[in-house]
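Q: Below is a structure I'd like to ask you about.
The values are calculated or read from the model by the stated rules, or taken from the named source; none is laboratory data. Just so you know, these numbers come straight off a predicted model, no measurement behind them. Neighbour counts are summed over all protein chains in view; Cβ atoms, including those assigned to glycine, are modelled from backbone coordinates with ideal geometry.
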Amino acid sequence: MIALGVAPRPRRPLSERLSPTELGAAVLDGELQRLGDDVAPIDLPVTTRSRARALRRAVPDRRVIVSDRSAAWIWGWVLPVPPLTTSVSITARVPSPERRRLRAREVVIDPDETVELDGLIVTTPQRTLVDLARHDTAPDAIEVVARGMLEHRIPPDEVARALDRRTRLAYVRRARALVAAAAQLVGADGVSRC
């Protein structure tokens, strides 16, 4: 019985309640699915928030921002889970050993370019598109950027304006070309041409 005014304790994640052997067996048996550093029942819908929760333990420092492909995975644009990519605001003063451990790139980023999802700081969809266009060299980068623009209804010209937001960004020419190629897949009417 729960006393009035006392909130029930939240349940610990499965990955903390089961041993590594039990987790591995449940994944092999098809009862659980891997979700970043966490697991989830196979019939549980995978959402933006559940993907963010899955990475929360890997990024305990709230000054570290999940970005690039990892942010694209959280937003649901890429599968499977990519290697963790993070960044840190140049004003955050995160010690070098921690930045190296997380392979965090120092960036100029405004507060409106991040969002908190279940305790994890992630780049917004628009900033994620800009970062992917500037840095991602994977063969499917154009398709990932197009998928992000479609799913979040961000027009290519809005991504181009976000690139213009800072005049000294590196790789802007490459980013503009990638956004233009992704725009060809999206189309002016917002319908996929993939």
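Q: Within region 112-131, which residues are over 25 Å from residue 60 (Cβ atoms) and under 11 Å from the mean Cα position of the chain (by Cα)?
A: 129
Q: In contact with a Ser or Thr (Cβ under 8 Å, 6 or more places away or on another chain), surrounded by fewer than 21 Cβ atoms within 10 Å (Cβ to Cβ) and not β-branched (Val, Ile, Thr): is that true of residue 150 in this structure?
A: On the way: in contact with a Ser or Thr (Cβ under 8 Å, 6 or more places away or on another chain): yes; surrounded by fewer than 21 Cβ atoms within 10 Å (Cβ to Cβ): yes; not β-branched (Val, Ile, Thr): yes.
Yes: the conditions hold for residue 150.
Q: Something else about it: Select from region 155-165 the residues that are assigned to a loop (DSSP other than H, G, I, E, B) and either under 12 Å from residue 127 (Cα atoms) or in contact with a Phe, Trp or Tyr (Cβ under 6 Å, 6 or more places away or on another chain) (or both) and list them in ascending order.
A: Result: 165, single match.
Q: On to the next question. Would you check if there is a residue in region 116-124 being surrounded by fewer than 24 Cβ atoms within 10 Å (Cβ to Cβ) and in a helix (DSSP H, G or I)?
A: Within region 116-124, not a single residue is surrounded by fewer than 24 Cβ atoms within 10 Å (Cβ to Cβ) and in a helix (DSSP H, G or I).
Residue-by-condition table, conditions (1) modelled with pLDDT under 90; (2) in contact with a Gly (Cβ under 9 Å, 6 or more places away or on another chain); (3) at positive phi; (4) not assigned by TED's automatic domain parsing to the domain that holds residue 172:
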{"position": "23", "(1), (2), (3), (4)": "yes, no, no, yes"}
{"position": "26", "(1), (2), (3), (4)": "yes, no, no, yes"}
{"position": "30", "(1), (2), (3), (4)": "yes, no, yes, yes"}
{"position": "34", "(1), (2), (3), (4)": "yes, no, no, yes"}
{"position": "54", "(1), (2), (3), (4)": "yes, yes, no, yes"}
{"position": "68", "(1), (2), (3), (4)": "no, no, yes, yes"}
{"position": "71", "(1), (2), (3), (4)": "no, no, no, yes"}
{"position": "83", "(1), (2), (3), (4)": "yes, no, no, yes"}
{"position": "109", "(1), (2), (3), (4)": "no, no, no, yes"}
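Q: Examine region 38-48 for a residue that is among the charged types (D, E, K, R) and either more than 21 Å from residue 170 (Cα to Cα) or assigned to a loop (DSSP other than H, G, I, E, B) (or both), and state whether such a residue exists.
A: Checked against the condition, which is being among the charged types (D, E, K, R) and either more than 21 Å from residue 170 (Cα to Cα) or assigned to a loop (DSSP other than H, G, I, E, B) (or both), region 38-48 yields at least one hit.
Q: Go through (1) crowded, with 20+ Cβ neighbours inside 10 Å; (2) in contact (Cβ under 8 Å) with a residue 40 or more places away in the chain and name the single condition residue 145 misses.
A: Evaluating residue 145 over (1) crowded, with 20+ Cβ neighbours inside 10 Å; (2) in contact (Cβ under 8 Å) with a residue 40 or more places away in the chain leaves (2) as the failure.
Q: In region 4-21, is there at least one residue being small (Gly, Ala, Ser), at pLDDT below 80, loosely packed, with under 10 Cβ neighbours inside 10 Å and outside any helix (DSSP H, G or I)?
A: Looking through region 4-21, at least one residue is small (Gly, Ala, Ser), at pLDDT below 80, loosely packed, with under 10 Cβ neighbours inside 10 Å and outside any helix (DSSP H, G or I).
Q: Which number in (1) touching a helix residue (DSSP H, G or I) at 6+ places or on another chain (Cβ under 7 Å); (2) outside the structural domain of residue 59 (by TED's automatic domain parsing); (3) within 24 Å of residue 50 (Cα to Cα) marks the one condition that residue 160 misses?
A: Condition (3) is where residue 160 drops out.
Q: Which one of 69, 53, 34 is touching a residue at least 24 places away in the same chain (Cβ under 8 Å), more than 24 Å from residue 150 (Cβ to Cβ) and part of a helix (DSSP H, G or I)? Please lay out each step first, then the result.
A: Values: 69 fails: more than 24 Å from residue 150 (Cβ to Cβ); 34 fails: part of a helix (DSSP H, G or I).
Answer to the check: 53.
Q: Moving to a separate point now. Which of the residues that make up region 125-146 are of a type in the set (Gly, Ala, Ser) and assigned to a helix (DSSP H, G or I)?
A: 133, 141, 146
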